[in-house]
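Visitor: This is the structure, below, for whatever I ask next.
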Amino acid sequence: MSDQVTHFIGGVQVAEGATFETHDPVTGGVVRLVHEADRAVVDKAVAAARAAQPGWAALPIAERAGWMRRLADAIEARFEELVAAEIADTGKSITQTRTLDIPRGAANFRSFAEIAAQRPDEAFHLKDVLSYTVRRPLGVVAVIVPWNLPFLLATWKIGPSLVAGNTIVVKPSEHTPGSMAVLADIAAEVGLPPGVLNVVHGFGGGSTGQFLVEHPGVDAVTFTGESRTGSTIMKGVADRVKPVSFELGGKNAGLVFADVDLDAAVEGSVRSVFTNGGQVCLCTERLYVERPIFEEFVTRLAKRAGELRFGRPEDEDTTMMPMISAEHRDKVLTYYRLAEKEGAEFRAGGGVPRFGDERDGGYYVEPTVLTGLPPTSRVNREEIFGPVCHVTPFDTEAEAIALANDSEYGLAATVWTSRLSRAHRVAQSLEAGLVWVNTWYLRDLRTPFGGVKLSGIGREGGTDSLDFYSEPTTITIKL
Ligand SMILES: NC(=O)c1ccc[n+]([C@@H]2O[C@H](COP(=O)([O-])OP(=O)(O)OC[C@H]3O[C@@H](n4cnc5c(N)ncnc54)[C@H](O)[C@@H]3O)[C@@H](O)[C@H]2O)c1
Ligand SMILES: N/C(=C\C=C\C=O)C(=O)O
């Protein structure tokens, strides 16, 4: 299947720039021919956003919220088309795409419509002094997103940035342009004012992404991706001191205490390690298990890893997906070989599955469970971003917390325990932006979302998103 993808600028499709191919992670075959935006195309997109911004910002917030709801309705009306586009780019299962990736797109628009429409203004009153704040949008915002949850992560930023009165230029990952191309068509279909939402395609450094973040007409950058890319972007915008919101990498820990419901901890860890092929920034790559249950836990987790189903995306019971690209597959395998070299014990996986059909041309790896490596091993320190975890035993709560916090990252963590006081005590001791207790990736979209250390700068979610996408002015009046 081949499909041409154009840019979306000023409300119309723009088929300019050289083209590049994308590939189906299931078979390695060509999926799309995509136009790459050069500096001139990026300039057009930023100019279109700039021209549209004053009119969009002048709309009452209730009207912008109404536009978010119309986009959500149209997403639901073209649900299966979006599901097909996402699967074609990522090879993810139809069950996950239908229950997580695309529904969250509509939910993102809806939740930020409500949060913005209901947000009270701030006023402060002293005896003879009244102060209040007014918020104005940042202007033109660059939205740069990764390939792992393409539609979910793009709409997570498009919703709040637009409802706050900004106009935007979105650059999806070069691996996954499809669902953003459909959203662009949806924006045209519902009649979103031209230039409010613009989409340009291309690569990162030395290409579209870099041209966009460094463009003088871009007022702020919201980025989700690798920590080192965030660092590069930060350098690129430093001269103009542009506001940045970064959701970056992770090396997330899971703490499993002996007092836990073992079935729940095993099943919860299967989800937190292997969902989306382990290609979720929130996935658990480091598990720490209290010694009395260590062997039982590892045995059961390894068994469940071996039971994950490498079906095709359209099979509803598929639970294991390919890596997004040959390069990413090779990166994950490099860590499997490194683990071997460092003396790890492979309790499950470690290789490449063989199907005897066209999927042997795809980018699959085996779900893998490792033990036996020290906390200093690269496997325990570096983000792998695949279906793999390392499990380490611990003896005391203090030791578990110290192990979990011994990381340059601080995005998410899970705590599995049946003791309420321990749950609160341990969760509050973890250096992470997000801690789940006896669950994983349960989301209330009103809560702050983001990480510390190498995992990010700032928070998005709820009013935290509106705070990033607007600037307050404090006005003080002597009464
Ligand atoms: N914290 C979060 O919420 C979160 C969510 C999803 C993924 N991630 C992280 O994203 C990474 C995987 O995604 P990826 O491989 O697409 O990341 P990546 O950093 O390689 O690319 C992300 C996006 O940035 C663009 N880009 C790359 N270099 C750029 C540059 N110099 N200037 C401007 N744009 C540039 C890419 O084209 C892509 O659109 C993992 O590290 C994962 O942890 C984090
Ligand atoms: N930002 C969110 C998820 C991030 C997933 C990372 O891969 C979300 O659920 O809002």
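Visitor: Ignoring ligands, DNA and RNA, what accessible area per residue does the chain give at 1.4 Å, in Å²? Can you show the working numbers first?
Guide: On the way: 18370 Å² over 479 residues.
Result: 38 Å² per residue.
Visitor: Going by a ≥ b ≥ c, the root eigenvalues of the Cα gyration tensor, does the chain fall in the rounded group (a/c under 1.5), the prolate group (a/b larger than b/c) or the oblate group?
Guide: Values: a/c = 1.98, a/b = 1.31, b/c = 1.51.
Oblate, because a/c is 1.5 or more while a/b does not exceed b/c.
Visitor: Hey, another quick one. Protein chains only, probe 1.4 Å: how do Phe211, Phe257 rank by accessible area, largest first? Mind dumping the intermediate values first?
Guide: Values: Phe211 35, Phe257 0 Å².
The ordering from most to least exposed comes out as Phe211, Phe257.
Visitor: Quote the accessible area belonging to Met321 in square angstrom, nearest 10, computed with a 1.4 Å probe and with ligands, DNA and RNA left uncounted.
Guide: 10
Visitor: Could you please state, rounded to a whole Å, how far the C-alpha centre of the stretch 291-345 is from the C-alpha centre of the stretch 124-163?
Guide: Comparing the Cα centres of the stretch 291-345 and the stretch 124-163, I get a distance of 38 Å.
Visitor: Assuming a ≥ b ≥ c are the square roots of the Cα gyration tensor eigenvalues, decide whether the stretch 232-390 counts as rounded (a/c under 1.5), prolate (otherwise, with a/b larger than b/c) or oblate. Present the calculation step by step, with values, prior to reporting the outcome.
Guide: Details: a/c = 1.66, a/b = 1.20, b/c = 1.38.
It is oblate, given that a/c is not under 1.5 and a/b is not larger than b/c.
Visitor: For the chain, what is the mean residue ellipticity at 222 nm derived from helices alone (per DSSP H run of n ≥ 4: -39500 (n - 2.57); sum divided by total residues; nearest 500 deg cm²/dmol)? Numbers along the way, then the final one.
Guide: Working: 15 runs with 186 residues, N = 479.
For the chain, the value works out to -12000 deg cm²/dmol.
Visitor: Leaving out ligands, DNA and RNA, and with a 1.4 Å probe, what % of the accessible surface on the stretch 353-453 is carbon or sulfur? Intermediate values should be presented prior to the final figure.
Guide: Details: 2190 of 4140 Å².
Roughly 53 percent, rounded to a whole number.
Visitor: Given a 1.4 Å probe and every protein chain left where it sits, what share in percent of the accessible area of the stretch 1-69 is carbon and sulfur? Intermediate results must be reported in sequence, preceding the final value.
Guide: Working: 1740 of 3110 Å².
C and S fraction of accessible area: 56 percent.
Visitor: Now a separate question. Given Val141, Thr417, Gly178, which one lies farthest toward the positive end of the charge dipole of the chain, if we put +1 on the Cβ of every Lys and Arg and -1 on the Cβ of every Asp and Glu?
Guide: The one lying farthest along the dipole's positive direction is Val141.
Visitor: Quick one: with all protein chains in place, what share of the accessible area of the stretch 240-334 is carbon or sulfur, to the nearest percent (1.4 Å probe)?
Guide: Answer for the stretch 240-334 is 53 percent, counting heavy atoms of protein chains only.
Visitor: What is the magnitude of the charge dipole of the chain about its Cα centre, with +1 placed on the Cβ of each Lys and Arg, -1 on the Cβ of each Asp and Glu, and no other charges, expressed in debye to the nearest 20? The partial results should precede the final answer.
Guide: Numbers: 48 positive and 62 negative charges, 229 e Å.
Once rounded to the nearest 20, the dipole reads 1100 debye.
Visitor: Still on this structure, please answer the following. Going by average Cβ density within 10 Å per residue, which order do the peptides 177-184, 48-55 take, highest to lowest? Walk me through the numbers before you get to the answer.
Guide: On the way: 177-184: 25.5, 48-55: 18.6.
Highest to lowest by the protection proxy: 177-184, 48-55.
Visitor: For the stretch 50-136, with the dipole built from +1 on Lys and Arg beta-carbon atoms and -1 on Asp and Glu ones, taken about the Cα centre, which of Ser131, Gln53, Ser111 lies farthest toward the positive end?
Guide: Value: Ser131.
Visitor: Based on DSSP H assignment, which helices of the chain show an axial Cα extent of at least 27 Å together with a mean Kyte-Doolittle hydropathy greater than or equal to 0.0? Walk me through the numbers on the way to the answer.
Guide: On the way: long enough: 39-58 (29 Å, 0.30).
Membrane-span-like by this criterion, though nothing is claimed about a membrane: 39-58.
The values are calculated or read from the model by the stated rules, or taken from the named source; none is laboratory data. Since this is a predicted model, take the numbers as computed values, not measurements. Note that each Cβ is placed from the backbone with ideal geometry, even for glycine, and that neighbours are counted across all protein chains shown. For accessibility, only protein heavy atoms count, side chains too; no ligands or nucleic acids. Shrake-Rupley method; radii C 1.70, N 1.55, O 1.52, S 1.80 Å.
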